[in-house]
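Throughout, read-outs are computed from the coordinates displayed, never taken from laboratory work. Model, not experiment: these values are computed from the prediction. Positions of Cβ are generated from backbone atoms using ideal geometry, with glycine treated the same way; all protein chains shown enter the neighbour counts.
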Amino acid sequence: PQKTSFHRSHTLGYKNGYAFSRLPTAGIGGERLYVNQLSKAELDELSSKRLALTYGQTKRAPPSSFIPAYVALDKKVLKFNAYFQEDVPFSAMEQYRVRQVAIYYYLEDDSMSVIEPVVQNSGLPQGKLVRRHRVPKNDHGDYYHWKDLNRGMNITMYGRTYRIVNCDPFTQVFLESQGIELNPPEEMASDPYTESRRIPMREFITPSDFHKLKQFLTYDKQVLRFYAIGDDTDNAFGENRSYIIHYYLADDTVEVREVHKQNDGRDPFPVLIKRQRLPKTFVDQIKTFPSCVLEISDQEVLIWYTAEDFAVGKSTTLLGRTFFIYDCDEFTRNFYRDKFGITDFQAVELKKKPLEEVPKVIPPYNGYGIPEDSLQNCFSLFPKPPKKDVVKMFENDSKVLRYQVTLESPIPMDRKRHFILSYFLSNDMISIYEPPVRNSGITGGKYLGKTRVPKPGSTPDNITYYEPSDLAIGSTIEVFGHRFVITGADEYVLNYMESNAEHCPAATLQSLRDHFRPRQVSKETANSALPTLGITKQELEELIPQVQEELKLHKSLNNKNIWEAFLQCDKDGCGILDKAQFLALCDSLSVPTSTVLVHKLIDLCSCGEDKINYHIFLRAFP
């Protein structure tokens, strides 16, 4: 009654996954055992034994129970690794194909099956190639037995030959336990086409702390700016140009922009090098790489340009162009100070070469238009008309000085030609007109249009034109290669010169006065001779218009030639000619002296019997 522990010792154990019983080491409640305990199997064996009888033969024990093969060999399968070759007739990539299979032999019913492992996207019907059944060995009705299978042998099933290369450990132990000597294992053959397409094993490298995405998120919109200059003076027409180099920290790209100035004469293309990664050092094989048509990748470039390659006061070469960096902005200074510890950012002062003054060479006058108008093409790309003196144009409008000139020429016929030279005071232009002469063989009319005539020896830089002070009686002027001699002028020229005597040389004014003195003397003589001849001025004024009306019928008369003829005959300039000489001169000039009015006028001009005052007579020929 005092016992409190009734537990029993452990008699169930497991070995290699199988349960077995063992004898107890202690009794109930841990009591000590004084006798050996027998197992149930030993007890059963003792119970089957019979005591030997002294008077007879002992009885045999009953036979053990029968176990069939499908129970003893249930779920016991032999596995062999094999392969077979399959021809590929219509392919340029491969000639044959190696397919790996597994041959299973089921011991319980001597059946076999062939299974090929399924490969994804192989394009081949894989899986169970031969279903489980007893495979015939020959045409005599024999079937394959596990004794016919071994490593390193060929086996043919339904016309397809399999090469057995190895087996699993259970198969090896089973065959060796049955007394079969196994051949050495072989290597499994591989498919050459599959090996060629096999992706190489990836090599995993521990990533660094610096990542492109991290770089982009850290340095986005942060740009280093350098001010540089490109020296291209070694080449023809080269010069120093200013550039701005941008280095983008987000993706290590570089951009070069050109700085344009006003009126620099260059096309407005701001970007010299577009934003891109620039190579610094190439690999050795880059010499044969067609970089002009293909993009440069990491395989062709050994070192790329980074922020450490740019510094103030140093030169850098980008795509064959050399740039000298002379300054940078404040953000770039702070970045280099924090990142690389650089504190020296002294800007480099650039000394500009003084521009050489190119002498302005004015080309000679080409003869088209006026020189002042053509000269404007040398001063501006879009020439403007020369400025005019408007005040002078308004003050001298319609004021024209007329001169009589003759052509100076070695040809006698040209020396007889007479011209009228008109000088326009409003714009200092000259025009020449030749009065037509009948039966002369020369067509008269405009000889020279209105234009400014330069003096001989004028240069395009300093052009001097003819002025009224240069037009003296008897002087010679040169008009575009033609020389003219001034032989006369009208009275308006003398009046204008006398009114502007301070601007007119004394020689020019004196020549005009000498030219007009005989005419003035003749007028004074004629006016003073009227009382001596007994003629009143009123009578003469009434007679002269009548004579002029009568002379209009004679169209062949030339008043100018009549004046010149009488003045040439009066060598003394007294205004009186002999009557015979007077009448002969009138006949030569076709003056009708036989008419009543002309004859009366001659009588009124008579000074005595043999003298005639021709000045009074010439008043009828204005």
Pairwise label distance in nanometres, E549 with R333, each label 7 Å out on the Cα-Cβ vector: 10.8
Segment 204-272: trypsin sites (Lys or Arg not before Pro) in DSSP loop, at most 11 other beta carbons within 10 Å: K221, K261, R266
Rounded FRET efficiency, nearest 0.05, which uses the C-beta distance separating F20 from T161 and R0 of 45 Å: 0.40
Linear extension gain, D587 paired with D44, 0.36 nm per residue minus alpha-carbon span: 175.5 nm
Debye, to nearest 20: dipole size of the chain, +1 on Lys, Arg Cβ, -1 on Asp, Glu Cβ: 3960
Full-extension gain in nm, M413 to K611, via 0.36 nm per residue minus C-alpha separation: 67.6 nm
In segment 359-459, chymotrypsin sites (Phe, Trp or Tyr not before Pro) in a DSSP loop with at most 14 other beta-carbon atoms within 10 Å: Y368, F379
With at most 11 neighbouring Cβ atoms within 10 Å, loop GluC sites (Glu not before Pro) (DSSP) excluded, longest segment of the chain: 358-608
Segment 219-266 and segment 310-340: distance between their alpha carbon centers, rounded to Å: 11
Using a Förster distance of 35 Å, the FRET efficiency for N240-Y465 (Cβ separation, nearest 0.05): 0.15
Contour excess over end-to-end distance, with Cα ends at F340 and R452 and 0.36 nm allotted per residue: 32.6 nm
Between 0 and 90°, nearest 10: helix 559-569 axis offset from the chain longest Cα axis: 60
Ordering of 4-11, 126-133 by burial proxy (mean other Cβ atoms within 10 Å per residue, highest first): 126-133, 4-11
Label point distance in nm, A102-D309, each placed 7 Å from Cα along Cα→Cβ: 5.8
Whole-Hz couplings from phi, Karplus 6.51/-1.76/1.60, listed for segment 173-182; x for Gly and Pro: 5, 5, 5, 5, 5, 8, x, 9, 8, 8
Computed FRET value (nearest 0.05) for T322 with F216, which takes r as the C-beta separation and R₀ as 45 Å: 0.90
Built amide H within the under 5 Å cut-off of M157, gap 5+: Y162
Selection from L124, Y105, H145 lying farthest towards where the dipole of segment 88-145 points positive, charges on Cβ: L124
Acute angle (nearest 10 degrees) that the helix 330-339 long axis makes with the longest principal axis of the chain, alpha-carbon atoms: 30
Dipole of the chain, positive direction: furthest Cα of C328, S190, L381, with charges on the beta-carbon: S190
Degrees separating the helix 506-532 axis from the principal Cα axis of the chain, which is the longest one: 30
